[in-house]
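See below for the structure under consideration.
The values are calculated or read from the model by the stated rules, or taken from the named source; none is laboratory data. It should be emphasised that the depicted structure is a prediction, and the values quoted were computed from it without experimental measurement. Glycine gets a Cβ as well: all are built from the backbone with ideal geometry, and neighbour counts include every protein chain shown. For the accessible areas, the whole protein counts, side chains as well, though only heavy atoms, and no ligand, DNA or RNA atoms are used. Shrake-Rupley method; radii C 1.70, N 1.55, O 1.52, S 1.80 Å.
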Amino acid sequence: MKTSGGFLMAQIRHVSGRAFNKILKEKGIDAFNGAQGKILYVLWEKGSMPISQIKKFTSLANTTLTGMLDHLEKSGLVTRAINPANRRQVIVSLTPLAESLKNDCDDVSRITSEIFYAGFQEEEIIAFENMLRRILRNYTERGY
């Protein structure tokens with residue numbers, strides 16, 4: 001059986017990323033882009049954490065994550081500090097500026113979710129997201 005799920009997910013990722021960035025600009029948010037917003041989202045939801053945990057939650061490669069953190073730090077959105085309890089560990093924290101953007105970003109996320117799920121029933125959304133979790137688990141269980 002020929003399938004196109006991966007191709008479709010990649011297309012959706014690119015189109016939704018463009019939409020997210022466009023809506024960010026419309027809201028006057030230019031300190032970060034949608035990809036960097038994944039890092040901010042994790043920190044908004046879970047609080048300060050080591051870089052290794054951010055990597056786990058975002059699935060970003062080390063070099064990509066480092067570059068994004070550099071940009072976010074230069075933009076005044078995050079700080080990095082050595083963990084006094086484990087000097088080999090760097091803890092990333094949000095700044096007050098990043099905290100002040102949370103509500104606007106939540107609004108951008110709400111708008112993009114409305115676009116994403118337009119025409120879907122609640123039970124369809126639940127089933128779809130459960131299937132996506134299974135696909136993600138298939139990859140993570142194989143070490144990807």
Q: Being among the hydroxyl-bearing types (Ser, Thr, Tyr), open to solvent by 30 Å² or more (accessible area, probe 1.4 Å) and not in a loop (DSSP other than H, G, I, E, B) is the filter here, so list the residues in segment 32-86 that pass it.
A: Tyr41, Ser52, Thr63, Thr64, Thr66, Thr79
Q) If you scan segment 67-98, which residues turn out to be without any contact (Cβ under 8 Å) to a residue 24 or more places away in the chain and within 18 Å of the chain's Cα centre (by Cα)? A) Gly67, Asp70, Glu73, Thr79, Thr95
(Q) Looking at (1) open to solvent by 60 Å² or more (accessible area, probe 1.4 Å); (2) at negative phi; (3) not polar (S, T, N, Q), which one does Ala127 not meet, given that it meets all the others? (A) (1)
**Q.** Number of positions in segment 87-117 that are open to solvent by less than 50 Å² (accessible area, probe 1.4 Å), assigned to a helix (DSSP H, G or I) and over 16 Å from Phe32 (Cα atoms)
**A.** 2
Q | Total residues in segment 5-31, condition surrounded by 11 or more Cβ atoms within 10 Å (Cβ to Cβ), of a type in the set (Gly, Ala, Ser) and outside any helix (DSSP H, G or I) | A | 1
